[in-house]
Amino acid sequence: MTFRFDRDTRRRWFDVAMSAAALACVGIAILPLGSILFEASVRGAAAITPSFLTLPAGSGGIANSIQGTLVLIGLTGLVALPVGILTGIYLAEFGRNRIGGAVRFFVDVMTQIPSIVVGIFAYSFVLELGVAGIVSRRLVFSTITAVIALSTIMIPFVARTSEEALRLVTTSTREAALALGIPRYKVILRVVLPSCASALVTGGLLGIARVGGETAPLIMTAFASPDFFTGLDQPIDALPLRVFRFAISPSLADNRAAWGASLILVVMMLGISIASRAVIRLRSVKR
Amino acid sequence: MGKRYIAEDGSPIEPPMHPFRTSRGGAQRRLVATSGDLIFQSLSTIVAFSVLGLLALIAGILFVAAEESVQTFGFGFLGGTVWDPVSQVFGAAPFIYGMLVTSALALVLGVPISLGIAIFLSELAPGWLRTPLTYVVELLAAVPSVVYGLWGIFVLAPVMRVYIEPSVQAILGFLPLFRGNPIGSDVFTAGVILAVMIIPTISSVSREALLAVPDTQREAALSLGATRWETTRFAVLRYARAGIFGAVVLGLGRAVGETMAVTMTIGNRNAIFTSLFDPGQTISSLIANNWLEAGSLELSALIELGLVLMLVSLLINAFARLMVGRVLHVGEGAE
Amino acid sequence: MAITPEEKQRLQKGSRRGIGVVVVVVAVVLILIAAVVLSGVLNPPTTQKITILGAGATFPCPLITKWSSDYSNVSLKYGGKPTQVQVNYNCVGSGAGITQITQKTVDFAGSDAPLKPSERAAAPGLIHVPETIGAVTAAYNVASLSSGLNLTGNVLGEIFLGKITTWNSANISALNPGVTLPSSQITVVHRSDSSGTSFVWTSYLHLENTGWNSSLVGKSINWPVGVGASGNSGVAGKILTTPDSIGYVELAYTVQNSMKVAKIQNPAGNWILPSLASTAAAAASFTNPPTPSGDWGNVSILNTAGATSYPIASLTYLLVYQELNTIGTSMTAQKAQGLVDFLWWAVHDGQSRGAALVYPTLPAGLVTLDEGAIRSITFNGQTLHS
């Protein structure tokens, strides 16, 4: 067959070229991810020693930052998960009308508030309370204020993921349970929720991962601390905040510490993300 | 509100009749059989409405706090180019400008790559590669913003300063946009990092839009002799236009609200810049920088700026919602 | 992060009945978190802890951080119980420190810039307690130059005004005969936050350069040119990572990071390298301080007399309320006592930590002044240190 550079050949070459370009796009996107993980591992590994992980920031370690992050996501989860899931239940089960539509709209609006604005809100709110004399002004720099900020981010997020999870359950499941005479609230609690448990858990875990990495609201509420957690009304340290502080320091030791802390943070966040996907894989029915 | 009773694989589903209603339209008698039902329904309703109350609280606190600035500067605030705590004159223009330029740059760089990824993962990738690659791209969204900033300061900025920016300047230096002394912590670097951060958002929503295109479209094009790329271009992309556009707008919404990575790489200069290689400032990076030290009028001005940011973000997301309809993700990523 | 379409399809197919595994996993995670939290809370119950919050200048940040760390290891007794006093000082810049102490969200503030009249009016009752002395250096990062380039305040003003743009400009080479200067562009680095160090630097430029007028003096000005960074550490970091850059950085940071600094000409005509000795010399001739509760707005140790004095030196102050109950309900008698005792320790024992970090010890006259200031601090009218 003679080779002719006609329209068909051009089209075929173009097709191959575009496929290559698409593949290249994937490569370009993976490049920064690979670079971040590589740099964090190599530069951070040098900083991670047993004392780094057990000493507080006042002595050069990040133990109190790790504790702070765990405290913050634990408390935020404690507040936001029930509230978010109940809101999701409202939206999915009782909210299929115009009022529910309005609620859904406003919850969506809340998910889009930039996190720095949430930080501003938490600070201003507690400061107003302090000026009014209801609480001490010092409370603006405390665990409570930080939890207020993080919950404001997590609640609408969990509400929407919970609603999506509940919607995955088909109406026939609900109808079948009702037909058996089970009261409605038991249908929700005992039939619907367990059916979409993996999606609910995933939504919750993703919400936790989201707030665990937040820095902007913490700059103006948590204040950071060289010491371990000392109380709900005291400042608290957190990994993202510590990474930020170390990153802008000129000292090379601090910069290495920043990479070490960010490695721990990234491992935690990736771990949660992978865990949530594993929950889906392990618990979905294969057919 | 029209509902689309089509499943993701294209087959029609019957419109659901909510099991807790005994009739459609007309009188709506609800099934409240036991006191348990009443308690549960009231509880979840109260919680949902108190979440709304939280939103009202946010709006209330912010509007009240911004009052002082609104009354002092009026509408001129948006056009003011000076941010000077010494003379107590504050204007939003450099930061709105910075936000728009960095986001636009992020879109220019990020959208083609995201589309390429979406097309590759939905059309071209072999089945065994699809899932792992999807997860890898999703991992980009799992990295916290502050880590992007750290990487930006120590890895990207030097590379930009030494290799990339001089090369760009060599080619495009005749444009005023690329003049000046490239130093690495500038608008260009911030734009590149933002582009990387919005790739997962745009690509995943685009992918959903592409997957929603029925196979019949692809089959029709292929049966007419189109190559794979031609199928994608003429049959699939055209069909998924609205969804992809919505994905892009969602990515824009994400870029606009981004704080930490931008603060750490943009150079922190409160002025309107002419070249992409100049340092700049966005609304969120200004707030992050100045919050703790702001006296009462500046604080009020910062809160007013925050409200502007929130409004811009809401408008962008509302627009995206119109485009994308039900193919939508909840807000992503951490700052 | 979000759920991918494939995952949605899997979920739609249904999940396995029974949430046992999930509950176990969630319970384990929550138990772990609780353990971590409790391990922090259940610290040795025998020692009580007092936390004191401070915020402000990055100028003395290394020293105050060292004080905070050392003081937490000092065994103290309050109310008969062994106590640990933890000072949490956040280095966020002088402007932020003044704002926060005015809003009473912290217990004390640090600032290199003395309070302006408007700031004194907004926070009545704040007193100045100078706790150490520092120097503002002109630090640069030019590969072909070593440390000790001669620069005058006038030339530095021209650089920061953007009038001198390359390293090999005539003004700079005139000051440095025999030194080969590169032709590269100068990148100016300044503070992006409200900074007492900026106040000291711009005050000096105003004294030395006629083009640097008084509207450009302050903690937070409209810089004509340059790139901004947050904090002394941010500026130092920016200089270190930006070739051919120059900025102003407190001495301690330049020593810690082995940065190149310029020699500045002092009023006696000598080229002085910033150092512990030359900074101490600058402060030695400081006399006639105001009272602690007075106006410190005119205090300056720029361009002091002395052959070896470094011209760009400054005192830095801790700002405390004279009557500590001004802070509000978060201040208790015990905390007030703890704060006062810490201040006393800082101006006496704490001074010995200065030399290693390149902060000269306070001259005797200032120590006496500070003692008087600390003695005047009261809580509910009761003085706390005799």
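The values are calculated or read from the model by the stated rules, or taken from the named source; none is laboratory data. Computed from a predicted model, the values in this text were never measured in an experiment. Every residue, glycine among them, receives a Cβ derived from its backbone with ideal geometry; neighbour counts consider all protein chains shown.
Worth a mention:
- Residue within region A:131-138 that is in a helix (DSSP H, G or I), at pLDDT 90 or above and surrounded by 19 or more Cβ atoms within 10 Å (Cβ to Cβ) present: no
Let's see how each residue does on (1) surrounded by fewer than 20 Cβ atoms within 10 Å (Cβ to Cβ); (2) of a type outside the set (A, V, I, L, M, F, W, C); (3) over 30 Å from B:Val308 (Cα atoms):
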residue: B:Ile39; (1), (2), (3): yes, no, yes
residue: B:Leu55; (1), (2), (3): yes, no, no
residue: B:Ala59; (1), (2), (3): yes, no, no
residue: B:Ser69; (1), (2), (3): no, yes, no
residue: B:Gly79; (1), (2), (3): yes, yes, no
residue: B:Asp84; (1), (2), (3): yes, yes, no
residue: B:Ser103; (1), (2), (3): no, yes, no
residue: B:Leu129; (1), (2), (3): yes, no, yes
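- Selection status of C:Val189, buried (at least 18 other Cβ atoms within 10 Å of the Cβ), touching a residue at least 24 places away in the same chain (Cβ under 8 Å) and under 20 Å from the mean Cα position of the chain (by Cα): yes
- Filtered residues of region A:32-46 (kept if at pLDDT 85 or above and aliphatic (A, V, I, L, M)): A:Leu33, A:Ile36, A:Leu37, A:Ala40, A:Val42, A:Ala45
- Yes/no for A:Ile113 being in contact (Cβ under 8 Å) with a residue 12 or more places away in the chain and not in a helix (DSSP H, G or I): yes
- Test: residue in region B:186-209 that is assigned to a loop (DSSP other than H, G, I, E, B), among the small types (Gly, Ala, Ser) and within 27 Å of the chain's Cα centre (by Cα): no
- For region A:205-242, taking the residues that are aliphatic (A, V, I, L, M) and under 19 Å from A:Leu53 (Cα atoms), the one that is nearest to the other protein chains (Cβ to nearest Cβ) is identified as A:Ala224.
- Residue count for region B:272-298 under the criterion of being in a helix (DSSP H, G or I) and more than 8 Å from every other protein chain (Cβ to nearest Cβ): the result is 6.
- Meets criteria (more than 10 Å from chain A (Cβ to nearest Cβ), free of Cβ contacts under 8 Å to residues at least 60 places away in the same chain and assigned to a loop (DSSP other than H, G, I, E, B)) for B:Arg269: yes
- Condition check for C:Ser111 on (1) within 13 Å of chain B (Cβ to nearest Cβ); (2) among the hydroxyl-bearing types (Ser, Thr, Tyr); (3) over 14 Å from the mean Cα position of the chain (by Cα): one failure, at (3).
- Restricting attention to region B:210-260, the residues that are part of a loop (DSSP other than H, G, I, E, B) and either under 30 Å from B:Thr189 (Cβ atoms) or within 8 Å of another protein chain (Cβ to nearest Cβ) (or both) total 3.
- Taken over region C:70-108, the criterion of being among the aliphatic types (A, V, I, L, M), more than 19 Å from the chain's Cα centre (by Cα) and within 25 Å of A:Val140 (Cα to Cα) is satisfied by C:Val85 alone.
- Lone unmet requirement of (1) crowded, with 20+ Cβ neighbours inside 10 Å; (2) away from chain B (no Cβ under 14 Å); (3) outside any strand (DSSP E or B) for C:Tyr248: (3)
- Of all residues in region B:93-109, one or more are of a type outside the set (Asp, Glu) and closer than 30 Å to C:Leu115 by Cβ.
- Residue match in region C:187-194 (condition: among the small types (Gly, Ala, Ser), over 28 Å from C:Ala356 (Cβ atoms), in contact with a Pro (Cβ under 7 Å, 6 or more places away or on another chain) and in the same structural domain as C:Glu250 (by TED's automatic domain parsing)): yes
- Scan region C:260-295 for residues that are crowded, with 21+ Cβ neighbours inside 10 Å and either free of Cβ contacts under 8 Å to residues at least 24 places away in the same chain or closer than 30 Å to C:Ser376 by Cα (or both) and the total you get is 6.
- Note on region C:309-368: residues that are hydrophobic (A, V, I, L, M, F, W, C), in a loop (DSSP other than H, G, I, E, B) and more than 27 Å from A:Arg138 (Cβ to Cβ) total 2.
- Condition met for C:Val225 (within 14 Å of chain B (Cβ to nearest Cβ), touching a Gly at 6+ places or on another chain (Cβ under 6 Å) and surrounded by fewer than 21 Cβ atoms within 10 Å (Cβ to Cβ)): yes
- Filtering region B:313-326 to residues that are at the interface with another protein chain (Cβ under 9 Å from one of its Cβ atoms) and not charged (D, E, K, R) leaves B:Ser313, B:Leu314, B:Ile316, B:Asn317, B:Ala318.
- Residue that is surrounded by the most Cβ atoms within 10 Å (Cβ to Cβ) [pool: residues in region C:66-104 that are within 8 Å of another protein chain (Cβ to nearest Cβ) and at positive phi]: C:Gly93
- Selection from region C:321-347 of residues that are under 20 Å from the mean Cα position of the chain (by Cα) and without any contact (Cβ under 8 Å) to a residue 60 or more places away in the chain: C:Trp344
- Looking across A:Leu180, A:Leu193, A:Leu232, A:Leu189, one residue alone is closer than 22 Å to A:Val140 by Cβ, of a type in the set (A, V, I, L, M), over 21 Å from the mean Cα position of the chain (by Cα) and surrounded by fewer than 24 Cβ atoms within 10 Å (Cβ to Cβ). It is A:Leu232.
- Of the numbered criteria (1) more than 8 Å from chain B (Cβ to nearest Cβ); (2) of a type in the set (Phe, Trp, Tyr); (3) in contact (Cβ under 8 Å) with a residue 12 or more places away in the chain, the one A:Tyr90 fails is (1).
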